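Below is one structure, written out as structure tokens; comments come after it.
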Amino acid sequence: MLHSLFKRNYSLLLTGALLLTLTAGFSYKSSVLQEDPELCLSKEEQRMYDLIMAYRKQKKLPPINISAALTKVAQVHARDLSMNKPNNNDECNMHSWSSKGSWTPCCYDSKHAQSQCMWSKPQEIAGFQADGFEIVYGSMDENYIATPDAALAAWKKSPGHHAVIVNSGIWKQRSWKAIGIGVYKNYICVWVASVEDKNIVVKKCGDN
């Protein structure tokens, strides 16, 4: 039954939360901006960030700085999911990564056997010295366009995803210090970490 959820349009997945320990109170300056000076936020990525921050504000939660490193990872993963379809079978879900990039590929399944492969992507791709959590919204339908409004509406209805966004439940003792947003066609990826990234994304795509 579970694998059918991964195949269903607009499916939602959450990292195996209980298995990861993040370090709080640590600040790290990523080098991703020096490596990729063209890193920027699209209009849809900015809206996704604004919607999440506005919702957190309603819950009397502090804003989270937009991390250059986590945004890089989120953007890369959204494109990998859309273009290379690493989740295109009955076992691999949307936390999977294809073999068509400069990263370690892995099939992330319901057993979480490849959890470290996913968690380590911020360090592997962007040099971020911490693991991260990811929530994903999307569809394998290539004609579907994932929108920030639809993503947040779906996450608000999903107890696990909602808990990540508002630091409730098992996340109550966490304090998110960094967030990254990636929106590409039929997928939206959001990464969070409890380690601060001093490099924040301020450039909007299309700005000079």
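The values are calculated or read from the model by the stated rules, or taken from the named source; none is laboratory data. Remember, it's a predicted structure, so these values are computed and weren't measured experimentally. Neighbour counts are summed over all protein chains in view; Cβ atoms, including those assigned to glycine, are modelled from backbone coordinates with ideal geometry. These accessible areas exclude ligands, DNA and RNA; they are computed on the full protein's heavy atoms, side chains included. Shrake-Rupley method; radii C 1.70, N 1.55, O 1.52, S 1.80 Å.
Based on what the data block shows, is ASP131 modelled with pLDDT under 95 and over 17 Å from LEU39 (Cβ atoms)? For ASP131, the condition - modelled with pLDDT under 95 and over 17 Å from LEU39 (Cβ atoms) - is met.
Considering only residues that are open to solvent by 10 Å² or more (accessible area, probe 1.4 Å), in contact with a helix residue (DSSP H, G or I) (Cβ under 8 Å, 6 or more places away or on another chain) and assigned to a loop (DSSP other than H, G, I, E, B), which ones fall in region 61-79? Across region 61-79, the qualifying residues are LEU61, PRO62, PRO63.
Residue pairs whose Cβ atoms lie under 6 Å apart, separated by 6 or more positions or on different chains, with the first residue in region 91-120 and closer than 25 Å to ASP141 by Cα and of a type in the set (A, V, I, L, M) and the second surrounded by 15 or more Cβ atoms within 10 Å (Cβ to Cβ) and at pLDDT below 85, are MET94/LEU13; MET94/ASN87; MET118/HIS95; MET118/TYR108. Scanning region 132-145 for residues that are surrounded by fewer than 22 Cβ atoms within 10 Å (Cβ to Cβ) and touching a Phe, Trp or Tyr at 6+ places or on another chain (Cβ under 6 Å) yields a single hit, SER139. Total residues in region 169-195 satisfying the condition of being under 20 Å from PHE128 (Cα atoms), modelled with pLDDT of 95 or more and of a type in the set (D, E, K, R): the figure is 1. Quick one: GLN123 ticks every box in (1) open to solvent by 10 Å² or more (accessible area, probe 1.4 Å); (2) touching a Leu at 6+ places or on another chain (Cβ under 9 Å); (3) polar (S, T, N, Q) bar one, so which box is it? With respect to (1) open to solvent by 10 Å² or more (accessible area, probe 1.4 Å); (2) touching a Leu at 6+ places or on another chain (Cβ under 9 Å); (3) polar (S, T, N, Q), GLN123 is out only on (2).
Taken over region 18-60, the residue count meeting the criterion of being open to solvent by 50 Å² or more (accessible area, probe 1.4 Å), at pLDDT 95 or above and in a loop (DSSP other than H, G, I, E, B) is 2. For region 91-120, the set of residues classified as of a type in the set (Ser, Thr, Tyr), surrounded by fewer than 22 Cβ atoms within 10 Å (Cβ to Cβ) and within 19 Å of GLY160 (Cα to Cα) consists of SER110, SER115, listed by residue number.
Which one is surrounded by the most Cβ atoms within 10 Å (Cβ to Cβ), of the residues in region 159-188 that are more than 17 Å from the chain's Cα centre (by Cα) and in a loop (DSSP other than H, G, I, E, B)? In this case the residue turns out to be SER168.
Of note, SER82 does not satisfy the criterion of being out of contact with any Asp or Glu (no Cβ under 7 Å at 6 or more places or on another chain), part of a loop (DSSP other than H, G, I, E, B) and of a type in the set (Ser, Thr, Tyr). The set of residues from region 143-158 being within 15 Å of the chain's Cα centre (by Cα) and of a type in the set (Phe, Trp, Tyr) comprises just one member, TRP155. Here is a check on your reading of the model: is TYR108 hydroxyl-bearing (Ser, Thr, Tyr) and within 24 Å of ALA68 (Cβ to Cβ)? No; evaluated as a whole, the condition is false for this residue. Output yes when any residue across region 189-208 is surrounded by 24 or more Cβ atoms within 10 Å (Cβ to Cβ), charged (D, E, K, R) and outside any loop (DSSP other than H, G, I, E, B), and no when none is. Scanning region 189-208 turns up at least one residue that is surrounded by 24 or more Cβ atoms within 10 Å (Cβ to Cβ), charged (D, E, K, R) and outside any loop (DSSP other than H, G, I, E, B).
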